[in-house]
Amino acid sequence: MVSQAASSTMLTFTDQPINFTYQGNIVFDVPTSQQLPAGFTRQNPKYTLTADGIYEPTSTSPVLGAFVGNYPFAATADAGAPKLDAQHRDLLKAQNIGPGFMTGLGNSLVINP
(Lines give C-alpha, C1' and ligand atoms only; values in the text may rest on other atoms or scores of the structure.)
Protein backbone atom coordinates (compact mmCIF):
# COMPACT_ATOMS: atom_id res chain seq x y z
CA MET A 1 0.00 0.00 0.00
CA VAL A 2 1.29 3.45 -0.88
CA SER A 3 0.02 6.78 0.37
CA GLN A 4 1.45 10.14 -0.59
CA ALA A 5 1.18 13.86 -0.15
CA ALA A 6 -1.13 15.45 -2.70
CA SER A 7 1.61 17.53 -4.31
CA SER A 8 4.17 14.73 -4.70
CA THR A 9 4.67 12.24 -7.52
CA MET A 10 4.20 8.59 -6.60
CA LEU A 11 6.42 6.97 -9.19
CA THR A 12 9.21 8.51 -11.25
CA PHE A 13 11.51 6.56 -13.55
CA THR A 14 15.00 7.70 -14.43
CA ASP A 15 15.12 4.76 -16.86
CA GLN A 16 12.11 2.78 -18.03
CA PRO A 17 12.21 -0.73 -16.53
CA ILE A 18 12.50 -3.54 -19.07
CA ASN A 19 10.65 -6.84 -18.53
CA PHE A 20 9.33 -5.58 -15.19
CA THR A 21 5.87 -6.42 -13.86
CA TYR A 22 3.97 -4.74 -11.03
CA GLN A 23 1.36 -6.93 -9.34
CA GLY A 24 -1.19 -6.34 -6.60
CA ASN A 25 -0.20 -2.82 -5.57
CA ILE A 26 -2.79 -0.70 -3.78
CA VAL A 27 -2.40 3.07 -3.77
CA PHE A 28 -4.40 5.52 -1.70
CA ASP A 29 -4.74 9.29 -1.99
CA VAL A 30 -2.91 9.32 -5.32
CA PRO A 31 -4.44 12.00 -7.54
CA THR A 32 -6.35 10.59 -10.50
CA SER A 33 -4.32 12.94 -12.68
CA GLN A 34 -1.30 10.69 -12.11
CA GLN A 35 -1.18 7.80 -14.53
CA LEU A 36 -0.28 4.51 -12.88
CA PRO A 37 1.39 1.52 -14.50
CA ALA A 38 -0.53 -1.73 -14.86
CA GLY A 39 -0.59 -3.62 -11.56
CA PHE A 40 -1.71 -0.65 -9.41
CA THR A 41 -5.22 -0.15 -8.04
CA ARG A 42 -6.56 3.04 -6.44
CA GLN A 43 -8.59 2.17 -3.36
CA ASN A 44 -8.85 2.84 0.35
CA PRO A 45 -6.91 0.08 2.16
CA LYS A 46 -9.07 0.59 5.27
CA TYR A 47 -6.28 0.66 7.84
CA THR A 48 -6.76 1.59 11.48
CA LEU A 49 -4.24 2.92 14.00
CA THR A 50 -3.90 0.48 16.91
CA ALA A 51 -3.22 1.37 20.55
CA ASP A 52 0.44 0.45 19.85
CA GLY A 53 0.66 3.14 17.18
CA ILE A 54 0.72 0.64 14.31
CA TYR A 55 -1.45 0.83 11.22
CA GLU A 56 -3.17 -2.51 10.57
CA PRO A 57 -5.92 -3.54 8.15
CA THR A 58 -9.48 -3.61 9.44
CA SER A 59 -11.60 -6.73 9.00
CA THR A 60 -13.05 -5.27 5.77
CA SER A 61 -9.72 -4.15 4.30
CA PRO A 62 -9.16 -5.00 0.61
CA VAL A 63 -5.57 -6.05 1.42
CA LEU A 64 -6.83 -9.19 3.18
CA GLY A 65 -6.47 -12.12 0.80
CA ALA A 66 -5.21 -9.79 -1.95
CA PHE A 67 -1.64 -11.10 -2.40
CA VAL A 68 -0.87 -11.54 -6.09
CA GLY A 69 1.94 -13.52 -7.67
CA ASN A 70 4.06 -16.56 -7.01
CA TYR A 71 7.01 -15.53 -4.85
CA PRO A 72 8.49 -18.24 -2.58
CA PHE A 73 10.00 -15.62 -0.24
CA ALA A 74 6.54 -14.11 0.44
CA ALA A 75 4.21 -16.91 1.45
CA THR A 76 1.15 -14.93 2.55
CA ALA A 77 -2.47 -14.44 1.58
CA ASP A 78 -2.56 -10.73 2.39
CA ALA A 79 -1.01 -7.86 0.47
CA GLY A 80 1.42 -5.58 2.29
CA ALA A 81 3.54 -6.10 5.36
CA PRO A 82 2.52 -8.84 7.80
CA LYS A 83 1.08 -7.94 11.19
CA LEU A 84 3.63 -7.59 13.97
CA ASP A 85 3.85 -10.36 16.53
CA ALA A 86 4.04 -9.67 20.29
CA GLN A 87 7.85 -9.71 20.31
CA HIS A 88 8.08 -7.00 17.64
CA ARG A 89 5.37 -4.93 19.31
CA ASP A 90 7.48 -5.03 22.51
CA LEU A 91 10.43 -3.63 20.56
CA LEU A 92 8.32 -0.61 19.63
CA LYS A 93 7.52 -0.11 23.31
CA ALA A 94 11.20 -0.36 24.32
CA GLN A 95 10.44 -3.21 26.71
CA ASN A 96 12.61 -6.25 27.39
CA ILE A 97 15.50 -4.93 25.28
CA GLY A 98 19.04 -3.84 26.13
CA PRO A 99 21.21 -4.86 29.09
CA GLY A 100 19.38 -6.06 32.18
CA PHE A 101 20.82 -3.26 34.34
CA MET A 102 19.13 -0.60 32.18
CA THR A 103 15.57 0.05 33.27
CA GLY A 104 12.93 2.62 32.39
CA LEU A 105 13.70 2.74 28.66
CA GLY A 106 10.00 3.05 27.90
CA ASN A 107 10.09 6.69 28.96
CA SER A 108 13.18 7.64 26.98
CA LEU A 109 12.47 6.05 23.61
CA VAL A 110 9.80 7.74 21.52
CA ILE A 111 8.58 6.33 18.21
CA ASN A 112 6.19 8.47 16.20
CA PRO A 113 3.83 6.57 13.89
Extension reserve of the Lys83-Val68 stretch, reckoned as 0.36 nm per residue once the Cα distance is removed: 3.6 nm
Full-extension gain in nm, Thr12 to Arg42, via 0.36 nm per residue minus C-alpha separation: 9.1 nm
What residues qualify as long-range amide H neighbours of Thr41, i.e. H under 5 Å apart, gap of 5 or more or another chain, H built at 1.01 Å from N? Asn25, Ile26, Val27
How much accessible surface area, in Å² rounded to 10, belongs to the heavy atoms of Asp29 with a 1.4 Å probe? 90 Å²
If you filter region 47-96 for trypsin sites (Lys or Arg not before Pro), then keep DSSP loop positions with at most 15 other Cβ within 10 Å, what is left? Lys83, Lys93
Tell me the net charge near Tyr55. Cut-off is 15 Å between Cβ atoms, Tyr55 excluded, with +1 for each Lys or Arg and -1 for each Asp or Glu. -1
How many nm separate the modelled label positions at Ala75 and Leu92, each set 7 Å beyond the Cα in the direction of the Cβ? 2.6 nm
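The values are calculated or read from the model by the stated rules, or taken from the named source; none is laboratory data. Nothing here was measured: the structure is a model prediction, and the numbers come from that model. Every residue, glycine as well, gets a Cβ built from its backbone with ideal geometry; the counts of neighbours run over all protein chains shown. These area figures cover heavy atoms from the full protein model, side chains too; ligands, DNA and RNA do not enter into them. Shrake-Rupley method; radii C 1.70, N 1.55, O 1.52, S 1.80 Å.
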